[in-house]
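Worksheet: the structure to be examined is printed underneath.
What follows is calculated from the coordinates using simple rules that are stated; it is not laboratory data. Treat the numbers as computed from the prediction; the structure is a model and nothing was measured. Counting neighbours? That spans all protein chains shown, and the Cβs are built from the backbone with ideal geometry, glycine included.
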Amino acid sequence: MPAITAVRGRLVYNSRGSPTIEVDITTDGTHTGRAAAPSGASVGIHETASFPEGGVAASLQVLSDNAGRITGADPGDVGAMNKVIREIDPEPGYPKMGGSLAFALSIAAAESAAKSAGKPLYRFLGEQEPLASALPSAPPARRYRFPFPLGNILGGGAHAGPGTPDIQEILICATGSDTVQDAIRTNLEVHSELRRILQESDPGFSGGKGDEGGWAPRLDNEKALQAAARACENLGFTLGREVSLGVDFASSTQWDASRSRYVYDRAGFENDAGEQIEFASDLISRFKLIYAEDAVHEEAFEDMAQIRARFPDVLVTGDDLTVTNAAILERAARGGSCNAAILKVNQAGGLYDALEFAAAGARNGIGLVTSHRSGESTESHISHIGIATGSKMLKVGVVGGERVAKLNELLRIAESRDGGDGDGTEHDLIQGMAEL
Ligand code: 2PG
Ligand code: MG
């Protein structure tokens with residue numbers, strides 16, 4: 001059994017310049033895994049809080065107080081690691097250590113265990129319970145596929161300043177690509193053509209970007225979507241074929257619960273619950289969206305179900321709605337609220353919680369979209385998590401060092417395609433793109 005021989009934590013900064021926690025875990029004195037926790041700007045009310053009172057310093061104190069429990073533990077079993085973490089902080093939501101420490105500890109442990117086993121991280125994770133037996137093709141017959149990269153090309157809402165659209169993200173996905181290399185290149189081309197269009201229509205456009213590398217122009221929702229569609233068409237693509245657009249409405253940002261209305265400050269209108277369903281449906285139809293995330297606020301399960309019923313071929317996706325919580329996903333599945341859900345490990349806290357969520361998704365036929373946060377590290381564990389969980393898409397942006405790191409990791413993993421990762425077993429072959 002591999003055993004953790006050293007653990008160390010430190011304060012580092014994320015892509016937004018906010019402090020976060022990084023953890024190093026060494027297995028058998030040799031194999032070190034490292035993970036730094038990301039953080040969101042549009043945070044669901046049911047998400048795990050990142051830090052306890054006292055912030056990063058308080059989490060680091062919990063880590064050093066409990067280093068003795070962590071050393072000696074088996075990092076090769078995500079469930080066993082979860083037990084160790086739960087001994088330190090048994091309450092739901094990690095009130096003592098904070099979700100960020102649970103994230104960094106569990107991912108650093110998994111990386112060091114994968115290294116010590118000589119396996120790529122995606123395969124180490126794909127073999128872990130409760131995920132492995134919930135997937136349609138369990139080991140040893142497992143077929144790993146690449147999720148479609150889904151990237152932010154135009155940002156607004158909580159990710160960009162005044163004058164930008166109210167909706168948070170306009171996303172590109174190269175739905176017609178049959179290789180991950182082509183999908184990444186296509187997303188980059190659209191991002192770049194969109195800049196040209198924005199510059200042409202507003203010579204004063206500074207080239208400014210939002211938190212995730214999408215352009216942040218002074219445009220309303222409608223004009224922003226038109227510009228994104230034009231960028232695709234200028235490159236000779238037909239929307240819904242070679243490429244498709246998606247939107248993260250992040251509607252909880254607009255939702256004013258005291259007045260039961262969605263307030264679109266920047267565009268200057270308001271929607272009641274029914275009008276919001278029509279507003280989102282209209283955009284989905286006119287722009288042939290393949291992907292619609294949080295089109296209504298985080299507690300509007302029935303309104304989401306209406307959108308889901310209208311658009312069976314669209315990935316009607318929960319993010320703030322489902323917050324990487326297996327129990328909430330089961331509820332959403334029972335009510336038909338979504339056919340896809342975002343998986344962000346730090347929304348749940350630890351890796352084991354996220355694997356439980358992925359297993360719940362697989363059992364209920366809910367497609368997964370593994371996702372970055374707007375405040376990111378330069379690491380690329382989520383590229384492996386996306387593959388391991390059989391995600392349909394990997395939402396990681398298009399440009400920016402912390403986003404490209406995830407895409408470049410997909411390119412490295414693709415080198416093992418058709419050749420396996422060297423140990424000659426069948427189940428490690430990467431076979432093409434996910435089914436949308
Ligand atoms: C989202 C995410 C990532 P944040 O809402 O989906 O795109 O943003 O990390 O700010 O919650
Ligand atoms: Mg979202």
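Which of the residue pairs LYS119/LYS288; LYS96/LYS392; LYS96/LYS119; LYS209/LYS288 have a Cα-Cα distance greater than 29 Å in the structure shown?
Beyond 29 Å: LYS119/LYS288; LYS96/LYS392; LYS96/LYS119.
7 Å from Cα along Cα→Cβ at both GLN226 and ASP65: what's the point-to-point distance in nm?
Here the modelled spin labels are 5.8 nm apart.
Over all alpha-carbon pairs of segment 132-433, lay out the pair-distance distribution in 10 Å bins, whole %, shortest bin first.
All Cα pairs, binned at 10 Å, distribute as 6, 29, 37, 22, 6, 1, 0 percent.
For Cα pairs less than 8 Å apart in space and 6+ apart in sequence, what is the mean separation divided by the residue count of the chain, i.e. the relative contact order in percent?
With pairs under 8 Å counted, the relative contact order is 20 percent.
Can you sort PHE148, PHE301 from fewest to most other Cβ atoms within 10 Å of each residue's own Cβ?
PHE301, PHE148
How charged is the neighbourhood of THR32? Take every other residue with its Cβ under 11 Å from the Cβ of THR32, and add Lys/Arg as +1 and Asp/Glu as -1.
Local charge sum for THR32: 0.
Using helices alone, I'd like the mean residue ellipticity at 222 nm for the chain: each DSSP H run of four-plus residues gives -39500 (n - 2.57), total over residue count, nearest 500.
When only DSSP H runs of four or more count, the value is -11500 deg cm²/dmol.
Where the centre of each part is set by its Cα atoms, how far does segment 350-381 sit from segment 233-264, in angstrom?
Centre-to-centre distance over Cα atoms comes out at 21 Å.
Specify the residue with the greatest mean-square fluctuation among GLU22, GLU193, GLU376, computed from a Gaussian network of the chain linking alpha-carbon atoms under 10 Å apart.
So, out of GLU22, GLU193, GLU376, the one fluctuating most is GLU193.
If packing is taken as the average count of other Cβ atoms within 10 Å, what order do 220-226, 103-109, 10-16, 124-130 fall into, highest mean first?
103-109, 124-130, 220-226, 10-16
Among HIS372, HIS384, which comes first, then next, by fewest other beta-carbon atoms within 10 Å?
Lowest to highest Cβ neighbour count: HIS372, HIS384.
Do you know the relative contact order of segment 24-118, to the nearest whole percent, from alpha carbon pairs under 8 angstrom that are 6+ apart?
After rounding, I find 50 percent.
Taking the simple approach of a point 7 Å from Cα along Cα-to-Cβ for both ILE45 and SER201, what is their distance in nm?
3.5 nm
Would you kindly work out the equivalent ellipsoid of segment 4-117 from its C-alpha gyration tensor and give its semi-axes, the square roots of five times the eigenvalues, largest first in whole Å?
The three semi-axes for segment 4-117 are 22, 15, 13 Å.
Helix 273-286 against the longest principal axis of the chain: what's the angle in degrees, Cα atoms only, rounded to the nearest 10?
It is inclined by approximately 80 degrees.
Take every DSSP beta bridge with both residues inside segment 132-433 and express the antiparallel ones as a percent of the total, to the nearest 5.
Taking every DSSP beta bridge within segment 132-433, about 40 percent pair in antiparallel fashion.
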